[in-house]
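Read-outs: derived from the displayed coordinates by stated rules, not from any lab. Please read these numbers as outputs of a predicted model, since none were measured by experiment. Cβ atoms come from the backbone with ideal geometry, glycine included; neighbour counts cover every protein chain shown.
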Amino acid sequence: MYHHAILQCSQAFLSTETLIDKAERYADQKKFDVSVLLHSRLAPDMAPFIYQIQSASDYLKAGAAWLSGQTPPRFEDNERTIDEVRSRIRRTVEFVQGVAPELYASAPEQRVKVSWVPNKVIEGQNYLLQITIPNVYFHIAMAYAILRKDGVDVGKLDFLGPMSFVEP
């Protein structure tokens, strides 16, 4: 379950590259710098697009690491360009997809410390279901919504990403 759940989150996160590709084409078409979109936000008190990608990355790599008994790789949150954002996505997905399924065998027993809840731990299943999955999807959805609000032609299928259909 853990391996498959993390891989699903990884696939969803990888689909943000499609959003970025569309944002770049939109900026080229409208003749403005795409970094405007990277720093756009839904509301004045909400974090911008680039933060949404960084946060989805952080929750995803932390989930894969902690649930497989590892320490998450540290990324600096210093992305400023569209290529740096793409690199962040790819590095995250590369790490997550590189975690062998058997490393998740003890995931239910993992006890994870969460920085924003001092002196508490959360068990593996609850960490996956209450922190990793909702946060990864929240930040991906916010990135999608920011671009959509700014006029980028993204739709539900862009959010869902590729699907593996078979012949009936």
Residues in the stretch 119-128: is at least one over 19 Å from Met1 (Cα atoms), in contact (Cβ under 8 Å) with a residue 60 or more places away in the chain and part of a helix (DSSP H, G or I)? no
All-but-one check, Lys31 against (1) basic (Lys, Arg); (2) surrounded by fewer than 17 Cβ atoms within 10 Å (Cβ to Cβ); (3) under 30 Å from Glu109 (Cβ atoms), failing number (3)
For the stretch 35-99, list the helices (runs of 4 or more DSSP H) that sit wholly inside it and hold at least 3 residues that are on the phi < 0 side of the Ramachandran plot and not aliphatic (A, V, I, L, M); which are they? 49-67, 82-97
Filter the stretch 109-118 for residues that are without any contact (Cβ under 8 Å) to a residue 40 or more places away in the chain and either assigned to a strand (DSSP E or B) or touching a strand residue (DSSP E or B) at 6+ places or on another chain (Cβ under 9 Å) (or both) and give the result. Glu109, Arg111, Lys113, Val114
The stretch 74-121: number of residues that are aliphatic (A, V, I, L, M) and within 25 Å of Lys22 (Cα to Cα): 5
Phe32 vs (1) of a type outside the set (Lys, Arg); (2) in a helix (DSSP H, G or I); (3) closer than 26 Å to Lys156 by Cβ: all pass except (2)
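Quick grid of which residues meet (1) closer than 22 Å to Gln8 by Cβ; (2) buried (at least 19 other Cβ atoms within 10 Å of the Cβ):
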site: Ser106; (1), (2): yes, no
site: Arg111; (1), (2): no, no
site: Glu123; (1), (2): yes, no
site: Ile133; (1), (2): yes, yes
site: Met142; (1), (2): yes, yes
site: Ala145; (1), (2): yes, no
site: Val152; (1), (2): no, yes
site: Phe165; (1), (2): yes, no
Output the qualifying pairs, or none if there are none: Cβ atoms under 7 angstrom, residues six or more apart or on different chains, first residue in the stretch 62-81 and hydroxyl-bearing (Ser, Thr, Tyr), second residue buried (at least 16 other Cβ atoms within 10 Å of the Cβ) and in a loop (DSSP other than H, G, I, E, B). Ser68/Val99
